[in-house]
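Quick one: the structure is below, and I'll ask about it shortly.
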């Protein structure tokens, strides 16, 4: 099964593209992820904290008993879902 077919077949309740890191931030981070993780966390957190979409998502998720965050990065410890999780649980 191709990645495209897998994405089409996968069931999810919400895919909120509005909370993704800005293109500029994402490209900056991917240029040197080993050395930019800490700064990426800070910058992305600021983007999310000022985002109306993230505020709405936080309110929606507060009403759920179980939430699963998905990400497509190969790096399990350095990805945008980690930043989202940290903001949702603080």
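If one puts a single equal scatterer on every Cα of the chain and applies the Debye formula without solvent, what log₁₀ I(q)/I(0) results at q = 0.17, 0.22, 0.26 Å⁻¹?
-0.81, -1.22, -1.44
Still on this structure: What number, rounded to the nearest 500 deg cm²/dmol, is the helix-based mean residue ellipticity at 222 nm of the chain, given -39500 (n - 2.57) per DSSP H run of at least four residues and division by all its residues?
Using -39500 (n - 2.57) per qualifying helix, the result is -17000 deg cm²/dmol.
Quick one: compute the contact order of region 21-88, relative version, from alpha carbon pairs under 8 angstrom and 6+ residues apart, as a percent.
Once normalised by length, the contact order is 32 percent.
Bear in mind that the values in this text are calculations on the coordinates, not laboratory data. Note that the structure is a prediction, hence the values are computed from the model and not measured.
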